[in-house]
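The values are calculated or read from the model by the stated rules, or taken from the named source; none is laboratory data. Fair warning: this is a prediction, and the values are worked out from it, not measured in the lab. Heads up, the Cβs are rebuilt from the backbone with ideal geometry, glycines too, and the neighbour counts pull from every protein chain shown.
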Amino acid sequence: MSVLDLLKKVKVQTLSFEKHPCRELEQEQMIHYLNGLALITNEDGTVCEKEREYLSILINSFGLSEEMLETFVNFAENPDEK
């Protein structure tokens, strides 16, 4: 990936969800929302790279830790364990 492509990606990530309505939610509600989205991404039995990237953008725009991505993916892949 070129530097220009990387900069475009960062710009999209930064601006894409700047006014997302879930940014106004409490952290627990954001987590429920993201768990629900993660479940939808796993509807076909796999969470692909583009779906992970989308979740990652949301996580960052909500001010949550990037490390939470794997938590959401794991929840989607094993929802009965919680």
Single residue of the stretch 59-82 satisfying the filter (part of a helix (DSSP H, G or I) and without any contact (Cβ under 8 Å) to a residue 12 or more places away in the chain) that is surrounded by the most Cβ atoms within 10 Å (Cβ to Cβ) = Thr71
Please determine, by comparing only the residues of the stretch 1-28 that are surrounded by 11 or more Cβ atoms within 10 Å (Cβ to Cβ) and at pLDDT 75 or above, which one is nearest to Ser65 (Cα to Cα).
-> Arg23
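For Ser61, state whether it is modelled with pLDDT under 90 and under 10 Å from the mean Cα position of the chain (by Cα).
yes
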Among residues of the stretch 34-54, those that are part of a loop (DSSP other than H, G, I, E, B) and either exposed (fewer than 15 other Cβ atoms within 10 Å of the Cβ) or β-branched (Val, Ile, Thr) (or both), counted = 6
